[in-house]
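Colleague: Below is a structure I'd like to ask you about.
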Amino acid sequence: MIVAQQKPLEEILRMIDPYERIMILGCGTCMTVCGAGGEREVAFLQKALEIAESREGEKHTFIPYTLKRQCDPEFLDLLTDRIEDVDAILSLGCGVGVQALAERFSDLPILPGVDTSFLGMAKEWGVWDERCAACGHCMLGETAGICPITRCAKGILNGPCAGPKGGKCEVDGERDCAWVLIYRRLERLGQLDKMRRFYPPRNFERPKRILRRT
Amino acid sequence: MRAKITTYQDRTLIPPCQAACPLHMRIREYVDLIAQGRIMEALKVIREDNPFPSICAHVCTHPCEEACRRGKVDKPVAIRALKRFAVEFGGDRMVEIEAETRRKEKVAVVGSGPAGMACAYYLRRLGYPVTIFEAHSEPGGMLRVGIPRYRLPREIVQREFDRLIRMGVELRLNTRVVSLDLLFEMGYQAVFVTIGAHQGLRLGIEGEEGPGVVDGATFLREVNLGLKPLLGEKVGVVGGGNVAIDAARTALRLGAKEVRVLYRRGPEEMPASEAEVQQAKEEGVQFDYLVAPLRIERERNKLKVICIRMKLGEPDSSGRRRPVPIEGSEFPLMLDTLIVAIGQAPQLPEDFRLRIGKGATIHVDPVSLATNRPGVFAGGDAVTGPATVVEALAVGKRAAFRIDDYLNHRYPVPEKEARPVVGDLLPETIAMIRKISRMDPPHLPPEVRVKEFVPVEMVYGWEEAIKEARRCLKCGAGAEIFSRDRCASCLTCLRVCPYHVPRLNGTGEVEIPADQCQACGICVAQCPAKVIILRKPQDRRQIAEELNHLARYGPSKPMMVGFCCQYGLYGTGVLSGLYREKKAGVYIIPVSCVGKVEAEHLLEAFRLGAEGVFVAGCGDQCSREDTALWLGRRIEKVRESLGEMGLEPERIKLFMPGEGRDLLEDLRDFSQKVAGLYLASLVRQEVKYDSCPTEAFGRDPTHDRPL
């Protein structure tokens, strides 16, 4: 799932300043699950913006709406009737949603309301961790299902570095060293030989389009 | 986007108490109102389904409490005692029922017991002229001649009859109906026969005829009609039902020194109400279980009752274990009086010509309540054999509508409840529910009560009643996912529920089992897709409606908004005083539990112009788990947001009793602080815009309409 967090109110206020009628558009998929841009956040943001504006003496009109998904053109078609007199869309969708909107509505400014942060998962209520960098060359099979790209601060493929102390990362003492975790899990699985292999530098080339038309 | 239908639709399930009540009273609703201290509204809800709540408040056998799911957690909610509290404090004696005659068909009710009363009440409401015929000199049937005064004071019954008479019911006392033909000749178009079961059954043993032996119903009737039978010092009562207990306790009050109840089965099999037995024991009534009289001999003025001990054998047709005599265990018992209270049967005048069913009762059609004679309906003990007051009221009510059907030539439609009944609590859920001990209303001490026929049970005080009412689990009024399509399956509800009720079903869909949900509202306020709603319309609309009201008619600024828990004395006592301070700019939004206050609600208050917002919860008094914890998190979220808006985070505050000092003092401090912030902001605005301070806020003018 894509995880994001809402932009600071100040930044949003600056972005929407030139426009009068603004649609706050939530996304009913990842942004709802990660609590950054579902129907509740749309309502909360609208009220927060209205209060902030009333202090500044400015006035915009907000139209709240939430789509099931912003990253597919067919869903965006549902907006056509609603945006006739809208000056801009403040999208609480991820970066994909913002761009999909921009592609679909070529004459309308689309503003990002959230900072798309990573692909991750919920650890518990209200806590999300990054898990995948979408690097295009998954090597989780070699690393006991623990991703060194996202979870190692240095993203190294032949770890650990010389830094970990007591199983914790030298960059962030709160964080577990990914390579220690990988070692422990390989040990459990009886696959420590995978530790001894050398992995060549990773290929940074990734597909920009996937075709599956057969 | 949100389906309109859900706004006002009641989507609750029927709670078990309501399902168990023969009158299907909306117990969950009125108990909730009592918990909020809204006693008059509670009485109104009670009166919707029960024509004589004051009677039920005293003597109902409360099948609702037997069904109460709280009973699985600790002890059932004291529903009957709460009803009594609502009746006494809600002003029931002031209630007048409007009834006007709109029909010309006259209806006769034979018997003025609870079934007859209820039937007459509803027939009057339907507009029929009604006459009640009563053979005794006092109206009320078993309420008057069966139930002793210490359980149901006479004034209560009299008050209900006064009210019936003011409704236009004609009451003919000392009038025994011997022939139904005569009633039809008198012009009555329909007759409801509810003559009760006043004929005491006999033991059928040697020596039963003769002085010193009396049946329970006759004994109670004589005492209740003002006679004072001489019982002597030692009294025995045969039987294990409520009449036996009533007779035993009445005998004590008439001055008997020793009263013993002889019952042929064990204490578990005894049909009498447990509380009654307990009270009888407190008063000194002795219970001899597994004992039955064999024959009665007379020695001088005394009775020598030869009894035999019993043991329990195989279960009989009633499911209870059949008592079997133990050979050679006979023993004598010397008594002055023996009261036989082993059951009653109706005594039907022969000329009624009604078809008789099992046990000398009247045979009726179960749906239409019609007898074999056209226009003659029957109900109550005369049909069922001795039963309870609430069952009689229910059948009387039904009879009124069936008679209405008959007189309108309508085919009776069986009543069917569309909504399902709540199921059982799972042990996992029970383990999570907070245990709160039941608080029964106080009773007179046994030494005092055996001397007189004064009422034994007293009424709750406000504090006790509200505490007791708060124990209600609100079965069936929980949360539900009303739009599956918009549910993102984010699992927030699973993670926030203090009772671990929401779950994933086999196909990976989130479910909130209605049988288990405790209606705390936390998931409703946390769901990021806003697809969870409370099943009860009032619960889901209350805060939004209050905020709308505030937007329209709220005080002019500057103002402060407080979201205040309505439960407990905290809600009804301290904070209700604040309402009067509306002039001072404090606007109170009553909430049924602060766990239901959403972050947007708090922001909305600021949007409407509040300078400060506070939430007052009930703290440890809350019968639900984690409500304050989650509210605290929402307040934190709003605080952060306020900071970003350029407002001081101190403008929002949470109050809980037990923390800090007196709530009102804390509030005063808080409002002073808010006032300071307000003034500071005015100065800032003035400097910034150099304009009129009152215009400085530049709010939407529609929100600033003064009162």
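Colleague: Could you list which residues have their amide H under 5 Å from that of residue A:3, counting only those 5 or more apart in sequence or on another chain, with H placed in the peptide plane?
Modeller: HN-HN under 5 Å from residue A:3: A:117, A:118, A:119, A:120.
Colleague: Now for a different question. Write down Rg/Rh for the range A:1-81, rounded to two decimals, with Rg from the C-alpha atoms and Rh from the Kirkwood relation over Cα pairs.
Modeller: Rounded to two decimals, Rg/Rh equals 0.98.
Colleague: log₁₀ I(q)/I(0) of the range B:64-186 at q = 0.09 Å⁻¹, via Debye over equal Cα point scatterers, no solvent, to two decimals?
Modeller: Once normalised to I(0) and log-transformed, intensities are -0.34.
Colleague: Same structure, new question: Calculate how steeply helix B:663-689 sits against the longest principal axis of the alpha-carbon atoms of chain B, using the helix alpha-carbon long axis, and give the answer as 0 to 90 degrees to the nearest 10.
Modeller: Approximately 30 degrees, to the nearest 10.
Colleague: Now a separate question. In nanometres, what is the gap between the two model label sites at residue B:172 and residue A:193, each 7 Å from Cα along Cα-to-Cβ?
Modeller: 10.7 nm
Colleague: Would you work out which of B:418, B:318, B:444 lies farthest towards the positive end of the dipole of the protein assembly as shown? Charges go on Cβ: Lys and Arg +1, Asp and Glu -1.
Modeller: Among B:418, B:318, B:444, the one farthest towards the positive end of the dipole of the protein assembly as shown is B:318.
Colleague: Separate question: For the range B:479-534, what value does the Rg/Rh ratio take when both radii are computed over Cα atoms and Rh is the Kirkwood radius, given to two decimals?
Modeller: Reported Rg/Rh (Cα atoms, Kirkwood Rh): 0.90.
Colleague: While we're here: Determine the dipole magnitude for the protein assembly as shown: charges of +1 sit on the beta-carbon of Lys and Arg, -1 on that of Asp and Glu, nothing else is charged, the reference point is the Cα centre, and the result goes in debye to the nearest 20.
Modeller: About 1340 debye.
Colleague: Further question on the same structure: Seen from all sides and averaged, what is the projected area of the convex hull of the Cα atoms in the protein assembly as shown, in nm²?
Modeller: Mean projected area of the Cα convex hull: 54.2 nm².
Colleague: Across 10 Å bins from the origin, how do the percents of Cα pairs in the range B:390-456 run, short distances first?
Modeller: For the range B:390-456, the pair-distance distribution reads 13, 17, 18, 24, 23, 5.
Colleague: Check every DSSP H run in chain A and write down those whose alpha carbon atoms cover 15 angstrom or more along the long axis and whose mean Kyte-Doolittle hydropathy is -0.5 or greater.
Modeller: Flagged H segments are A:178-189.
Colleague: Anyone know which of A:167, A:35, A:97 comes out most mobile in the 10 Å Cα GNM of chain A?
Modeller: Among A:167, A:35, A:97, the largest GNM mean-square fluctuation belongs to A:167.
Colleague: What's the ranking of B:322-333, A:113-124, B:628-639 by average number of surrounding C-beta atoms within 10 Å, highest first?
Modeller: B:628-639, A:113-124, B:322-333
Colleague: With r defined as the distance between the Cβ atoms of residue A:125 and residue B:94 and R0 fixed at 60 Å, what FRET efficiency is calculated, to the nearest 0.05?
Modeller: Computed FRET efficiency for residue A:125 and residue B:94 comes out at 0.70.
Colleague: Please report, largest first and rounded to whole Å, the three semi-axes of the ellipsoid equivalent to the range B:60-119, where each semi-axis is the square root of five times an eigenvalue of the C-alpha gyration tensor.
Modeller: After diagonalising the Cα gyration tensor, the semi-axes are 34, 17, 10 Å.
Colleague: Something else now. Please list, in chain and number order, the residues 5+ apart from residue B:171 or on another chain whose amide H is under 5 Å from its amide H, with Hs placed from the backbone.
Modeller: Long-range HN contacts for residue B:171: B:132.
Colleague: Considering only chain A, what is the antiparallel percent among its DSSP beta bridges, to the nearest 5?
Modeller: The antiparallel fraction comes to roughly 45 percent.
Colleague: A 32 angstrom limit on the alpha carbon distance is what I want to check against. Which of A:68/A:154; A:47/B:467; A:68/B:596; A:165/A:208 exceed it?
Modeller: Where the Cα-Cα span goes over 32 Å, the pairs concerned are A:68/A:154; A:47/B:467; A:165/A:208.
Colleague: Return one number: the angle in degrees, 0 to 90 and rounded to the nearest 10, between the long axis of the Cα atoms of helix B:39-49 and the longest principal axis of the Cα atoms of chain B.
Modeller: Orientation of helix B:39-49: about 50 degrees from the principal axis.
Colleague: Just how far, in whole angstrom, is the range B:15-85 from the range B:439-462 if you go by their alpha carbon centroids?
Modeller: About 20 Å separates the Cα centre of the range B:439-462 from the one of the range B:15-85.
Colleague: While we're on this one: Rank by packing, highest mean first: peptides B:185-192, A:24-31, B:31-38, B:615-622, with packing defined as the count of other Cβ atoms within 10 Å averaged across residues.
Modeller: Highest mean packing first, the order is A:24-31, B:31-38, B:615-622, B:185-192.
Colleague: Still on this structure, please answer the following. Measuring from the lowest to the highest alpha carbon on each principal axis, how far does chain A reach, largest first, in angstroms?
Modeller: Principal extents (Cα only, largest first): 64, 49, 26 Å.
Colleague: If amide hydrogens are placed 1.01 Å from N in the peptide plane, which non-local residues have theirs closer than 5 Å to the one on residue A:66?
Modeller: When sequence neighbours closer than 5 places are left aside, the close amide H contacts are A:26.
Colleague: So, one more: Take every residue in peptide A:21-29, count the Cβ atoms of other chains within 10 Å of its Cβ, and give the average of those counts.
Modeller: Mean shielding count: 2.
Colleague: For A:33-39, what's the mean count of beta carbons from other chains sitting within 10 Å of each residue's beta carbon?
Modeller: Per residue, the average neighbour count from other chains is 5.
Colleague: For the range A:135-214, take the convex hull of the Cα atoms, compute a quarter of its surface area, and give me that in nm², please.
Modeller: Average of the hull's projected areas for the range A:135-214 equals 7.0 nm².
Colleague: Between residue B:438 and residue A:184, what FRET efficiency follows from the Cβ-Cβ distance if R0 is 60 Å, with the result rounded to 0.05?
Modeller: Efficiency, from the Cβ-Cβ distance: 0.65.
Colleague: Compute the normalised compactness of the range A:81-150: alpha-carbon radius of gyration over 2.2 N^0.38 Å, N being the residue count.
Modeller: 1.56
Colleague: Sticking with this one: On a C-alpha basis, how far is the centre of the range B:284-305 from the centre of the range B:156-191 in Å? Whole number, if you could?
Modeller: 42 Å
Colleague: Next question, about the same structure. Quick one: net charge of residue B:362's neighbours, Cβ under 12 Å, K/R +1, D/E -1?
Modeller: Value of the local net charge: +2.
Colleague: Would you mind working out the magnitude of the charge dipole of the range B:479-534 relative to its Cα centre, with +1 at each Lys and Arg C-beta and -1 at each Asp and Glu C-beta, to the nearest 20 Debye?
Modeller: 180 debye
Colleague: Okay, next question. Counting only Cα atoms, I'd like the Rg/Rh figure for chain B, Kirkwood definition for Rh.
Modeller: 1.06
Colleague: From the helices alone, meaning DSSP H stretches of at least four residues, give me the mean residue ellipticity at 222 nm for the protein assembly as shown, per-run term -39500 (n - 2.57), in deg cm²/dmol to the nearest 500.
Modeller: -9500 deg cm²/dmol
Colleague: If you build the convex hull over the alpha carbons only and average its shadow over all orientations, what do you get for the range B:199-345? Give it in nm² to one decimal.
Modeller: Mean projected area for the range B:199-345: 8.7 nm², to one decimal.
Colleague: Oh, and also: Among all the aspartates and glutamates, which ones have a C-alpha under 12 Å from residue B:302's C-alpha, if same-chain residues fewer than 8 places away are not counted?
Modeller: Straight-distance partners of residue B:302: B:233, B:336.
Colleague: Give the average, rounded to an integer, of partner chain Cβ atoms located within 10 angstrom of each Cβ in B:486-495.
Modeller: 5
Bear in mind these aren't lab numbers, they're just calculated from the coordinates by the rules spelled out. If you're wondering where the values come from, they're calculated on a predicted model, not measured in any experiment. Please note: Cβ atoms are built from the backbone with ideal geometry, for glycine as well, and neighbour counts cover all protein chains shown.
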